[in-house]
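Here's the structure we're looking at; comments come further down.
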Amino acid sequence: MELENRGYMGKILYVDLTECSSRFQHLDEKVTYLLLGGKGLGLWLLYKLTEGGVDPLSPSNPLIFATGPLTGTIAPTSSKLCVVTKSPATKTLLDSYCGGFFASELKFTGYDCLVIKGRTERPVMVVIDRGEVDIKPAENLWGLTTAETESNVKRMLGEDFKVVCIGPAGERLSPISGIFSNMRCAGRGGAGAVMGSKNLKAIAVRGREPISVYDGERFKKAAWIAYRTLRMSESTARSMPTYGTANILLTINEMGALPTRNFQTGRFDRAEEISGESFRETLWKSDHACSLNCPIRCSKFALVESGTFKSVGVDGPDYETIFSLGSNCGVSDKQAICYANYLCDMYGIDTISAGCIVAFVMELYEKGEISKQELDGIEANWGDAEAMVKLVEKIAKCEGIGKFLQLGVREISKRYPNSKSYAMEVKGLEMPGYEPRAAQGMGLCYAISERGACHLRAYTAGTELCGHLGGIDPLSYDRVKVLHAIDRQDEKAVIDSAVLCFFTLFGLRLKEVYQMITSCTGFDYEDESELKVVGERIITLARLFNVREGFGRKDDTLPDRSLKTPLPEGPARGEIVHLEPMLNEYYKARGWDENGIPTLERIKELKLTEIL
């Protein structure tokens, strides 16, 4: 049976900006069976289309927009866009995700995947209208914010077009810049800089091609069960719709895992002021979802109606933004957090990296390593909301000291050698909002994540800190914890390749996802455990890409603060991350050697040799 009747459109679109040309290639059924789509497909393409050592900002580095078999169907939360490229921030594989309507619309144009290579001399935008490709001049869009760009593109082409774009930060090739769509962002790792390096300001798509599935009746039933399960979960039916992703903030703080003052501690004494409950009472005015097929509706719209930042409206802020711009900087001013979030969205940068950079600068300032004069007259004291906003503005606009700070924590720390122990990054990517000394599994997850410090590649925090699935001891670091992390990592790789929103895992398990995937594709996976092998295959392929780029055990590490400085308070007081024994168990369980390199035997067992 043709892939076109299995949830796929059956085609990959290639656009070469240097040659100003396009072509398509039929999707390989074996590749889709082994890797599904989304992350798996994008990673396979990146591996095949590049050689080791490719410069992330060169025309040779492809920028890949991938969908999955469930994209554009009635499956809940199936509107996520997967962006794959080589990261300019970390030089590793980068896969990043964005909600909204673009992914489904791309698929409706008749393509499962869009691959962009090359570079134009002048700014352009790519337009795909019902399968037809056009490369249009975009000088008039260069310099505009993300919101202005999307508005102008829709005004030029029509409101029914769906758009992804970059802001001024992406144009400047900032390594913390993201790709935006409808105020959603594929934010981490610098995909916006890759897009900017190609002089590509925006992509607009419009399509009408229908999507067919293998077994329509069984698929409808599987999707209905998934919706019902999500509506029965406390997290996806009540907590997240009411308090967004910030519903966990007070719990994380109570567990001593809310990073505060650049990860000096895991307790913020003003956490209640920046909690989801507090935002709900004061600033959040409406709830909404990424798309029509999401029952979770975790997104919030905040409007500041008084004070210094009056009239600022922003999508969010979410938990990660609140941690990075709030507790991690010692800031409890919700209005200031909203405005800094707004600046990041308009100029096109990642809020996690931006906030962590500011927190790092504040500690440098506290320790006398950086001066007020160096910071353009800003006194970067902990808890100073005005200083936090000014620093974010400098970074977003690339003004003064912002030109240097936008390079990220790793690059900043090179100028201040005494700061290496508290430069909170892994592989060059700033750490997200869970203190790893209070959740050993998250410490392992940060260290082994293929894109650098990431909470979304193996989210053990749900079971370690929030009591999901009955809970698990956050301070254990034995083989059971490692296998749990592997289980979460494999599951997430399947979700990212299907492509579904990560938050479905707060209500569903792989059993429900398996029913949707098999009825959609007709693939004869025996059960959900075989689907998990698909996840393991994708994780191993990701590792092979990074090994080719020179990464290994030496890079699977954490900052000295996490490994050597005991946590000063909370339930995990006195703890450090016990990383080495977990790494040993992780490599062994994966079938990788002691340096973290997949063995040839394991590569063959996973059938990767059949597609590489």
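Of note:
- Residue in segment 313-328 that is more than 20 Å from Lys394 (Cα to Cα), out of contact with any Leu (no Cβ under 9 Å at 6 or more places or on another chain) and of a type in the set (Phe, Trp, Tyr) present: no
- Considering segment 69-102, the residues that are hydrophobic (A, V, I, L, M, F, W, C) and in contact with a Phe, Trp or Tyr (Cβ under 7 Å, 6 or more places away or on another chain) include one that is farthest from Cys113 (Cα to Cα), namely Leu93.
- Residue list for segment 463-483, filter: assigned to a helix (DSSP H, G or I) and either surrounded by fewer than 20 Cβ atoms within 10 Å (Cβ to Cβ) or among the polar types (S, T, N, Q) (or both): Thr463, His468, Leu469, Gly470, Arg479, Val480, Leu483
- Residue within segment 539-556 that is in a helix (DSSP H, G or I), more than 23 Å from Thr85 (Cβ to Cβ) and of a type in the set (A, V, I, L, M, F, W, C) present: no
- Residue within segment 43-64 that is in a strand (DSSP E or B), surrounded by 15 or more Cβ atoms within 10 Å (Cβ to Cβ), under 24 Å from the mean Cα position of the chain (by Cα) and not assigned by TED's automatic domain parsing to the domain that holds Ile495 present: yes
- One residue from Thr149, Thr92, Thr85, Thr120 being polar (S, T, N, Q), buried (at least 21 other Cβ atoms within 10 Å of the Cβ) and over 27 Å from Ser299 (Cα atoms): Thr92
- Among the residues of segment 592-602, those that are more than 24 Å from the chain's Cα centre (by Cα) and touching a residue at least 40 places away in the same chain (Cβ under 8 Å) comprise Trp592, Glu594, Asn595, Ile597, Pro598, Arg602.
- Checking each residue in segment 153-182 for being under 16 Å from Ala89 (Cβ atoms) and hydroxyl-bearing (Ser, Thr, Tyr) picks out Ser174, Ser177.
- Out of Leu505, Leu567, Leu483, Leu475, one residue alone is in contact with an Asp or Glu (Cβ under 9 Å, 6 or more places away or on another chain) and at pLDDT below 95. It is Leu505.
- Residue match in segment 89-111 (condition: in the same structural domain as Tyr47 (by TED's automatic domain parsing), in contact with a Cys (Cβ under 8 Å, 6 or more places away or on another chain) and more than 30 Å from Ile211 (Cβ to Cβ)): no
Conditions tested, residue by residue: (1) touching a Gly at 6+ places or on another chain (Cβ under 9 Å); (2) under 18 Å from Leu583 (Cα atoms); (3) of a type in the set (A, V, I, L, M).
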{"position": "Arg437", "(1), (2), (3)": "yes, yes, no"}
{"position": "Gln440", "(1), (2), (3)": "no, yes, no"}
{"position": "Leu444", "(1), (2), (3)": "no, yes, yes"}
{"position": "Ile448", "(1), (2), (3)": "yes, yes, yes"}
{"position": "Thr460", "(1), (2), (3)": "yes, yes, no"}
{"position": "His468", "(1), (2), (3)": "yes, no, no"}
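- Residue check, Gly40 outside the structural domain of Ala453 (by TED's automatic domain parsing), within 18 Å of the chain's Cα centre (by Cα), part of a helix (DSSP H, G or I) and modelled with pLDDT of 95 or more: yes
- Members of segment 7-50 found to be under 19 Å from Gly207 (Cα atoms) and among the charged types (D, E, K, R), listed by number: Lys11, Arg23
- The number of residues in segment 514-539 being in contact (Cβ under 8 Å) with a residue 40 or more places away in the chain and either under 21 Å from Ser96 (Cβ atoms) or among the charged types (D, E, K, R) (or both) comes to 7.
For (1) crowded, with 18+ Cβ neighbours inside 10 Å; (2) touching a residue at least 60 places away in the same chain (Cβ under 8 Å); (3) not hydroxyl-bearing (Ser, Thr, Tyr), each residue gets a yes or a no:
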residue: Asn381; (1), (2), (3): no, no, yes
residue: Phe404; (1), (2), (3): no, no, yes
residue: Tyr416; (1), (2), (3): no, no, no
residue: Pro436; (1), (2), (3): yes, yes, yes
residue: Glu450; (1), (2), (3): yes, yes, yes
residue: Cys454; (1), (2), (3): yes, yes, yes
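- Complete set of residues in segment 558-577 that are touching a residue at least 24 places away in the same chain (Cβ under 8 Å) and either surrounded by 18 or more Cβ atoms within 10 Å (Cβ to Cβ) or part of a helix (DSSP H, G or I) (or both): Leu558, Pro559, Asp560, Arg561, Ser562, Lys564, Leu567, Gly570, Ala572, Glu575, Ile576, Val577
The values are calculated or read from the model by the stated rules, or taken from the named source; none is laboratory data. Everything quoted here is computed from the prediction, not taken from an experiment. No Cβ is skipped: glycine too gets one built from the backbone with ideal geometry, and neighbour counts run over all protein chains shown.
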